[in-house]
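In what follows, a structure is listed as structure tokens, so that the remarks can point back to it.
Readers should treat all values here as calculations from the given coordinates under stated rules, not as data from a laboratory. Everything quoted here is computed from the prediction, not taken from an experiment. Virtual Cβ from ideal backbone geometry, glycine too; neighbours counted across all protein chains shown.
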Amino acid sequence: MAAQEGQCPTCGKGITIPILDRFGRLIDPVTNQIVKQDPHPVHAYAAAGDRAPRILRLEDGKQMIECTRCRTLSSMASNNCRSCGMPFTMEGTTSDAQGKGNGFAVASLVMGIVGIPAFCALIPAILAIVFGAIGYAQAGKAGVEGGGKGVAIAGMVCGAVGLVMFVVMMLR
């Protein structure tokens, strides 16, 4: 969609979508000059085409951002999807802007990975499943940034594998 005329999804104002060159620079299609200042966030939405998050207006008039990856609705002030963590803005692509992640989901994955080779120890596998369930529940809440559903699921699966290996070893 570069160099095409577009419309701002929020205010409806007409814009010309900048060109993204092979070095990642934005080029003004009218002047062929590098855009020195930070482009308006709408340019990033327009340049992303079909991958751009959609801005929806709810029945009560409130605007929300719909993630193109998981279809979760997030507030207009969000830099990332509240469920899967997909960045909506340039600020959302930096690790500092993503804020704290889902600690229980990460702990679940770590315990699950430890629980597989240490299948003779029951505790890491159980902790992986418990932490994974808590992390998965937290990933669905609006206030938790960084999502973590996939990490929590991976932790629970690894924990379950470790648990099954423990049971099989005990039954021998």
Expected sort for 162-172, 102-112 on mean C-beta neighbours within 10 Å, highest first, is 102-112, 162-172
Modelling each spin label as a point 7 Å along the Cα-to-Cβ direction, I'd like the Arg51/Ala160 distance in nm, to one decimal. 3.2 nm
Quick one: net charge of Cys84's neighbours, Cβ under 9 Å, K/R +1, D/E -1? +3
If you look at just the Cα atoms of region 103-171, how large are its Rg and its Dmax in Å? 12.0, 44
Thr31 paired with Ala2, simple spin-label distance in nm, labels 7 Å along Cα-to-beta-carbon: 1.8 nm
Rank-order 71-79, 120-128, 16-24, 149-157 by packing density, defined as the average count of other C-beta atoms within 10 Å over each peptide's residues, highest first. 149-157, 120-128, 71-79, 16-24
